[in-house]
Each structure stands twice: as C-alpha cells, then as structure tokens.
Amino acid sequence: MTILRPFCLLFILLCPISSIALPAPMPPDWTTITSAEALWEAYPERLRSLFQALDLQTSSLEPVLRALQQGDTVQAAQSLLDHYQRTDRTWVVTTLDNLPPEEALPAAQQLMHDSVYINSQTDQIPHHPEGGWQWDYTGPDRDDEFGYSLNGHKYLPNLYVTWQETDDTAYAALFDQLIRDWVIHHPLPSPGDSIYLVLDESQGLDWRDIGEVEWRTLETGNRLGASWPQLFYGFQTSEAFSPAARLLMLCSINDQATYLQRYHKQGHNWTTMEMNGLALAGLAFPEFREASSWADYALEVMTREIRRQVYPDGVQTEISTKTQWVALHRFESIATNFQKAGYEISDAYVKRVEDMYNYLAYSMRPDGHQPLNNDSDREDLRPRVLQAAEKFNRPDWQWIATNGQEGQLPDSLPTVVFPWGGMHVMRNGWDANAHWAFFDSGPFGTGHQHADKLHLSVSAYGKDLLVDGGRYTHQDYFSFDPTIWRGYFRSAFSHNVILIDGKGQNGGPVRAQTPLKAEHDYTHQPTYDYARSTFSDGFEDVQGKAIHTRSVLYLRDQYWIVLDHFDTDRPRTLQALWHYAPTCDVQLQASEAVSTNPDEGNLRIVPMGEVAWQTDIVSGQEEPFIQGWYSADYGTKEPNPTVVYTTNITQPTTFAWLLVPAYGEVPKVQTQLQEAAGKVVLSIEEAGKSAVTVTLPLEEGLPTVVQTP
C-alpha cells in the first residue's frame, strides 16, 4: 500500500489532475508573459509553489481555494490578484524611505534608458541576447559592490515616485518589465547549489568566485525591506503592472523570505537588513502560511541583535558611522513597521534606537557631516537627526543640527565621549564655526575596520583641516596593503597616526569589554578636555616592543596639544602623518606645517620637543606606495597634502604637537617641552594671549593646566 505524505496530499488538493499541465517551452520572447494564463503555460511550477505557500483556510482567500478545488488554476490566480486589489495596506507603502520627486525624476529617466546611479557613478546596464538586463554586471570598474547594489533594487522606488508625480504609465511599465525580468531569470537556488554551500559552510569565500551577486542575503533583505512590498502595493492601481508581474512578485517574496529565515547571517551588521526585510515580508503579506513565523522570528533576532550589536552608549560595534546608520535605519524600521501593523515594541528596544541617534547627533561636525571613522563617507546627518529629534522629542538634537537656530541648548559641555565606542568629540560650541576634533581610542571594530587607532581629525571655522582618508572602494576587501587602493584607505597610511619602520598598525581587539573610565582615561573640564590611550597590538611585520601612547588635550577656544610617547626596545624609524583636507593650501615653515587659505579656516602644526624631524609634503603619490589621497564618498578620490614627519630613534621617545586653528592667517606660537619624572611640561606663548603651562602624565593620571595672565 502506498502512503501519501502530507505534502503530496496538499499538492493534489491544489492541483487536481484536470488542472495539471506539462510545462510549455519558454516563449522566444519572455516579455510576452504578462497575463496569468501566459505565466501558467510557461511556468506552472511557479504558480503551484505560490498556492502551496498560501494559507488557503483564510476566509478572504476562499475564492482562491474554491477555484483550485474546481481545477481552474488561472481563475485561482485571478482571484488572488482581486484579493490584493481589494485589500488596503497603504501603511506598507508609507514605509518607503522619503524620496523627493525632484530627486526621483532624473533617476527614473535614467532607468528608462537602462542606466542606474550606483556608488557615485551612472552606468548603462548591458542586455542579454534574449533581452533583459545582465543582472550579474559589476559595473565599469568590475566592482562587486556595483553588482550587489544592482540586485538590491533600491533604485526602483524612483519609478514609483515619478509615476505618482507625473501619472506617466511608462514608469510603471518599466517597473513591471524589470520585475518580470528579474524573477523569471532568478528562481530560488536549489539547496544543492554552490550558493548554499558558501552561506552554510564557507562564508569567507568571495561570492564572485561562484558567479553569484543576485542572491546574496544582504541584497535579499534589501529587496524585501526597502522596495518590493512597498512597490507591490504602491503600483496596485496601475494597469501597466501586469498580472504576471504581480504573481511573480508574490512567488519570489515567498522564496526570498524562506531563504532569508534559513540562511541569514548570524551576529553581523547584515543581520539588521536581512531581518528588516524578513519582518516586512511577514507583516505585509499575512496571506502566506509562514508570515507570522517570519515576522516573529525577525523581531526576536533583532531584539537580540540590538543588545549585542549596540553598546550601551549607542555606538554600533563596527565603529563606523556609515554602518551605524545602516544598522540604526533597520533597527528603527522594523520597530516602525510592527507598530504600523498594530503590534507593540518594548520600551528597551526603542530606547536603544534613541541612543543610536544620540551618537549621530553629538558626533557630527559643525557643518552636519559625519566622521569618516572606519568605512564611512562624508554624509550629511542633519536631515536624519532633525527627523529623529521630532520623533523622540529631543530639542537638544535640533539645536545641534541647526547650529543653535532652533531647539534647546544641550545642558552639558559641548565635548562628549562615547566610552564603549572609545570616541572623543572635542569642541567649543554648537555654531557653524565651532572647533571640532574626533579622537579614536576605541576597539578595532567588528567589521569594516581601518587600522587607525589614535587617529585625530580636526575641523574649525566651517572647514575640514585634518582628515581621515575615507574608504574609496571595497575591492580587495580585507587588504591593508598600501600599494593597492583598498589597502591604503584601510591602513594606517591614510590616517593621522604614526608608522613604525615603514609599517602600519595591526588590527586590535574587535570589541570593547569595558568602557573608558571618566577621570582616568579622559576628563572634561570647563576650560579643557583630555583623553589618553595606547596602541599596543603591534605593527605589521615589526618585531620587538613597539607601543604608541597618545594624549590629546584641547584647550577650549584655543588649540589642541597632542603628546606622543613611543616605547621601543631597539632603534626605529618613525613617520608621523598629518593629512590635511584637499582644499587646504599647505606649506612648510622650517619644521612647522601651516595651511594658508585666505579668508578660510587654517591650521598650523608645531612640533614640540628635541626630536629632529625631516619634513615633507606628499600629495597624490602612487609609487612605491600610495600616499596623500582622500575619499569623501565611495568610488571617488582626490589628492590631499599630507605632511610626513620622519625621524630615527634608539630608545623610548616623547614628543608633542601643537595644532593651532585660526580664521585666515595662523599666528606664530612659541613652545617649549620639558620631560622629567614621568611627566611632560609644555609651555606655550602666543602674542596677545595668556601664557599656558600644561603638565601631562606619561603614565596614568590627569593633566594640569595653568594660564598666566
């Protein structure tokens, strides 16, 4: 006797003998598949899998079940489409990111000509011989990130916004065509395919090694979280959105959600994007039998991840402001989507989201742009912070983002520290011309890392002065080799740190186990701020003791003092790097470096101590290694003047730097450094100002600052 398994019984129920048809050969022109009938003839297995995935016991799907029981699969498909046209899920459309029509229109027009703007460049997507886009195309530079973004479909909302604004059905028709193209040519990979092996066993492999950019889990999460559900409902009233495209979207949404739940990343920033997509698929399409499982599972994972990925000070563990926003946006989105769908979110979860915004607000430069720590771009944070200020009732964020034009003055000193992330933001106010410095004393980070501990960035008078190099590219992703572009921008060579014997830093611990201690690792006083940290994790291919300790003291409204102590057990060559912004005109005045832009912010670097420095300015160098390059945005780079101070030492050595900002011409300053009994005494005199004596400890302890009238 043959025993039918439950799956077989369901298959028979959904597909009676009278309705089973052999798959027809694919039409020579796939673009002719626009109706439910054509889809059933060409891809009957797609519709079968869709109906098997639905909860047909739901009362609203009763017409679908009845048609299937009568053996009319095409009518069942039409009944399903009728159901979605009757269903009001406007809240799903409202989860689209805000996209101004004036920005969407040019992007949509480019799409009409098969051109897509990705990673700061526009490129035309080539076609396959049978028609449709070449979805594995990686752009003019053969950059995998281009291919991943192409398949993430974040550009598709431009078509919806422009269609809404212009009522031109051509934009809806293009959306329809792109969806059919992608789904028809990208069915769910079989469990035996190499993509599953990479996900399940060897996540360190390069995805391009197996020729796969379309089904990376990150992009799957982005499709489901940022465009597909919203556009499925958004285009419901358009006749250009064909029945076949609607049915194919539903088939693929089920496939992608099932795939994500099983194969998503564990403990990774990708998890936030993957789970955001999985949750929205479950909330937006409750007709699927697994919908509640998708949503509940995603919220459970995200609740765990926001505690694991985000330090108590609100900093995401990758220590990248770019990734901070990526994770924050998804953590917030999933909470918002649950609330829009009528579910509650815990207060603790919402508070951690607020803490993440607090980092963005208090770390941004006076001009509103974010720091370039680890893999980041110079993005404007103000729109995000202002929107969050209203949502969380934070007038202090509004004050910061508007340079004091709106909101409420923060009730603390302008300098702030994030003790778990290990980042110090030293500033003298909230206006557009305020002094601002970003000192990194934190862990390496759990992803997107740069070898940049003890780096210092400086802005003043509305202008960047000393900069982090940025990220430029993700090609050769894990490299620190300064002879290739990715390696240079990730390495110490593109940061304001010290190279040892021509070598950069190794990576250190990826996570902080304890926070920095106030009045031990840092202090904030009415007239000055101070922070101290040590890099002791070694330099690449450098033997023996090589430990760098850096202290930064900001005398409010005046200047920064940087004290460097290098501990070694053998002779060394040191190179201290100071990367000016590309817009700075820099010259050497003896051993001092100074920018000389008229009527702009400038900075003078004054070496202090007995060290004899050889000083050079390098800009736009490519051989024998890369030096003097800056990347404000992914995919772009430009030369920037980099001052390289070189010296040879034979024993532990201490030296200091005075960083003097000014608007216009930077005055000369007289300095003196004396070292004795575990401390350094610095004397600084500037014409027309009080003389300052600063005592800094070489080991533990806090400074003393004395200003003489």
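Going 7 Å from the Cα of residue 134 in the Cα-to-Cβ direction, what parts of the range 147-166 have a backbone nitrogen less than 16 Å from that spot?
Of the residues in the range 147-166, 147-148, 150-151 have backbone N under 16 Å from the label point off residue 134.
So what is the relative contact order for the chain, in percent, with contacts set as C-alpha pairs under 8 Å and at least six apart?
Taking the mean separation of contacting Cα pairs over the length of the chain, I get 8 percent.
Residues with amide H under 5 Å of residue 691's amide H, sequence separation 5 or more or different chain, H placed in the peptide plane at 1.01 Å from N; which?
Those lying under 5 Å, H to H, from residue 691 are 708.
So if we plug the beta-carbon distance of residue 308 and residue 475 into 1/(1 + (r/R0)^6) with R0 = 25 Å, what FRET efficiency do we get, rounded to 0.05?
With a Förster radius of 25 Å, E is 0.25.
Would you mind working out the magnitude of the charge dipole of the chain relative to its Cα centre, with +1 at each Lys and Arg C-beta and -1 at each Asp and Glu C-beta, to the nearest 20 Debye? Each step should come with its number before you reach the end.
Numbers: 50 positive and 91 negative charges, 296 e Å.
Magnitude of the dipole: close to 1420 debye.
Just one of (1) 175; (2) 161; (3) 235 is volume of the Cα convex hull per residue in Å³ calculated from these coordinates, so which is it?
Checked against the structure: label (1).
Mean residue ellipticity at 222 nm from the helices of the chain, using -39,500 (n - 2.57) per DSSP H segment of n ≥ 4 over the full residue count, to the nearest 500 deg cm²/dmol? Don't jump to the answer; show the numbers that get you there.
Details: 21 runs with 241 residues, N = 709.
Value at 222 nm, helices only, nearest 500: -10500 deg cm²/dmol.
Using a 1.4 Å probe, what is the accessible area per residue for the range 207-305, in Å²? All intermediate terms of the calculation are to be shown ahead of the outcome.
Details: 2500 Å² over 99 residues.
Value for the range 207-305: 25 Å² per residue.
How much length is gained on full extension from residue 87 to residue 168, taking 0.36 nm per residue of separation minus their Cα-Cα distance?
26.7 nm
With a 1.4 Å probe and all protein chains kept in place, how do 343, 259, 477 rank by accessible area, largest first?
Listed by decreasing accessible area, they come as 343, 477, 259.
Taking the Cα centre of each part, how many Å lie between the range 480-514 and the range 646-703?
What the calculation gives is 26 Å, centre to centre.
What is the pair-distance distribution P(r) of the range 80-199, computed from all Cα-Cα distances in 5 Å bins starting at 0, with each bin given as a whole percent?
Histogram of Cα-Cα distances, whole percents per bin: 2, 9, 16, 20, 20, 15, 11, 6, 2, 0.
Of the options 222, 174, 442, report the single residue whose Cα projects farthest towards the positive end of the charge dipole of the chain (beta-carbon charges: Lys, Arg +1; Asp, Glu -1).
Ranked along the dipole, the leading option is 442.
Quick one: check the C-alpha center-to-center distance for the range 267-303 versus the range 376-415, whole angstrom.
31
Quick one: with all protein chains in place, what share of the accessible area of the range 316-417 is carbon or sulfur, to the nearest percent (1.4 Å probe)?
Of the solvent-accessible surface of the range 316-417, carbon and sulfur hold 45 percent.
Please return the longest range in the chain lying between exposed loop sites, taking trypsin sites (Lys or Arg not before Pro), DSSP loop only, at most 15 other beta-carbon atoms within 10 Å, and leaving the sites out.
Of all site-free stretches, the longest is 290-510.
Go through 184-190, 354-360 and give me the packing order, highest mean Cβ count within 10 Å leading.
Listed from highest to lowest mean packing, they are 354-360, 184-190.
At a threshold of 8 angstrom on Cα-Cα distance, excluding pairs fewer than six apart, so keeping six or more, what relative contact order does the range 428-483 reach in percent?
In percent, rounded to a whole number, it is 29.
Please go through the range 100-180 and write out the GluC sites (Glu not before Pro) that DSSP classes as loop and that have at most 16 other C-beta atoms within 10 Å.
The qualifying sites are 130.
Roughly how many Å is it from the Cα centre of the range 567-614 to that of the range 34-62, as a whole number?
The distance from the Cα centre of the range 567-614 to that of the range 34-62 comes to 69 Å.
Within 11 Å, Cβ to Cβ, of residue 583, how many net charges do the neighbouring residues add up to if Lys/Arg are +1 and Asp/Glu are -1?
Net charge around residue 583: -3.
According to a simple spin-label model (label point 7 Å from Cα along Cα-to-Cβ), what is the distance in nm between residue 621 and residue 124?
Inter-label distance under the simple model: 4.1 nm.
Pull out the extension gain between residue 513 and residue 597, defined as 0.36 nm times the separation in residues minus the alpha carbon to alpha carbon distance; nm, one decimal.
Gain on extension, residue 513 to residue 597, equals 25.9 nm.
So how do 137, 461 rank on accessible area, 1.4 Å probe, biggest first, that is with the largest at the start?
461, 137
About its Cα centre, how strong a charge dipole does the range 65-177 have in debye, to the nearest 20, once Lys and Arg get +1 and Asp and Glu get -1 at the Cβ? Before the final figure, lay out the partial values.
Working: 5 positive and 18 negative charges, 106 e Å.
In total the dipole reaches around 520 debye.
What is the spin-label model distance, in nm, from residue 387 to residue 536 if the labels are put 7 Å beyond Cα along the C-beta direction?
4.5
To the nearest 0.05, what FRET efficiency results for residue 700 and residue 293 with a Förster distance of 45 Å applied to their C-beta separation?
My answer for the efficiency is 0.25.
Just to verify a number: FRET efficiency for residue 585 and residue 672, C-beta to C-beta distance, R0 = 41 Å, to 0.05?
On the way: r = 29 Å, r/R0 = 0.71.
That pair, residue 585 with residue 672, gives E of 0.90.
How high is the relative contact order of the range 544-673, given as a whole-number percent (alpha carbon pairs under 8 Å, six or more residues apart)?
Numbers: 286 pairs, mean separation 44.2, N = 130.
Value for the range 544-673: 34 percent.
The values are calculated or read from the model by the stated rules, or taken from the named source; none is laboratory data. Computed from a prediction, not measured in an experiment: that's the story for all the values here. Cβ atoms come from the backbone with ideal geometry, glycine included; neighbour counts cover every protein chain shown. The accessibility values were calculated without ligands, DNA or RNA, using every heavy atom of the protein model including side chains. Shrake-Rupley method; radii C 1.70, N 1.55, O 1.52, S 1.80 Å.
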